[in-house]
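**Q** Sharing a structure here in structure tokens format.
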């Protein structure tokens with residue numbers, strides 16, 4: 001009979017790589033790896049990937065996540081009286097800001113696209129450093145990922161194929177955005193360099209590719225139809241432009257046949 005206590009699963013292998021394995025299981029895992037070369041190779045590959053990510057994005061990992069990406073906020077299902085009161089206060093403040101003038105100059109509220117792009121840059125910095133849980137749905141489930149995010153965002157979405165520019169789809173997740181539910185796709189090069197595509201509905205007009213920068217990264221953004229897209233990555237403008245152009249060409253609805261309902 002097989003002793004189940006001696007069987008090592010992938011969750012424990014992940015915890016071993018991250019140094020989060022309980023002391024009483026570490027010896028068992030090391031014994032398992034000594035007799036299971038496939039798992040030992042897997043652990044070695046994970047460690048190498050973690051080292052590459054830490055080397056490139058270590059400074060980003062130390063940043064404090066923006067409040068709008070607070071885990072408690074992302075996982076709450078109901079808001080209650082406190083949230084309702086906060087919404088009333090926020091509406092009151094927003095109304096005051098919109099109507100405020102200083103010596104005849106109105107204080108303008110940032111456009112949806114400006115806020116959308118800022119959120120995309122923040123989301124990139126928050127998730128790009130994750131080794132074990134960078135996405136909710138892995139890239140090998142692309143049809144499910146596309147269907148799920150399309151339904152939640154409210155428009156047809158397709159994770160672009162970026163193999164020709166050296167990127168593999170890691171997967172995706174659903175995030176809250178300034179204009180509603182937003183899709184987040186992550187891609188990775190063989191060396192561990194990561195890029196993300198953030199997309200959701202917007203009321204802004206169509207735009208061609210535009211470039212912007214953040215504290216640790218940069219992005220190209222555009223609007224096509226009722227959807228805004230932000231392709232974020234390391235601040236290497238030429239490389240980022242080539243990737244954004246490849247995504248833009250696939251997302252452009254003017255060249256994509258309409259889907260049936």
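**Q** Which FRET efficiency value, to the nearest 0.05, is calculated for residue 35 and residue 250 with the Förster distance at 35 angstrom and r the Cβ-Cβ distance? Could the numbers behind the result be given before it?
**A** Details: r = 46 Å, r/R0 = 1.31.
FRET efficiency, residue 35 to residue 250: 0.15.
**Q** Rounded, prolate or oblate: which fits region 111-255, taking a ≥ b ≥ c as square roots of the Cα gyration tensor eigenvalues, rounded meaning a/c under 1.5, else prolate when a/b beats b/c? Mind dumping the intermediate values first?
**A** Details: a/c = 1.27, a/b = 1.09, b/c = 1.16.
Rounded.
**Q** Separate question: Would you list 124, 248, 220 from fewest to most Cβ contacts within 10 Å? Kindly include the intermediate steps, with their values, before the conclusion.
**A** Details: 124 29, 248 18, 220 24.
Starting with the residue having the fewest Cβ neighbours, the order is 248, 220, 124.
**Q** For Cα pairs less than 8 Å apart in space and 6+ apart in sequence, what is the mean separation divided by the residue count of region 111-255, i.e. the relative contact order in percent? Write out the running numbers ahead of the final one.
**A** Numbers: 281 pairs, mean separation 30.7, N = 145.
Over region 111-255, the number comes to 21 percent.
**Q** Can you pull the Rg over Rh of region 200-252, Cα-only, Kirkwood?
**A** Looking at region 200-252, the ratio lands at 0.97.
**Q** Between residue 155 and residue 27, what is the label-point separation in nm under the 7 Å Cα-to-beta-carbon projection?
**A** 5.9
**Q** Counting other beta carbons within 10 Å of each residue's own, what order do 213, 196, 117 fall into, fewest first? Could the numbers behind the result be given before it?
**A** Numbers: 213 11, 196 27, 117 24.
Neighbour counts put them in this order, fewest first: 213, 117, 196.
**Q** Order of 150, 232, 44, 191 from fewest to most other C-beta atoms within 10 Å? Show your work: numbers first, answer last.
**A** Working: 150 15, 232 30, 44 12, 191 9.
By the 10 Å Cβ count, ascending: 191, 44, 150, 232.
Since every read-out is calculated from the coordinates, none of them should be taken as a lab result. What you see is a predicted model, and the numbers here were worked out from it, not measured in a lab. Every residue, glycine among them, receives a Cβ derived from its backbone with ideal geometry; neighbour counts consider all protein chains shown.
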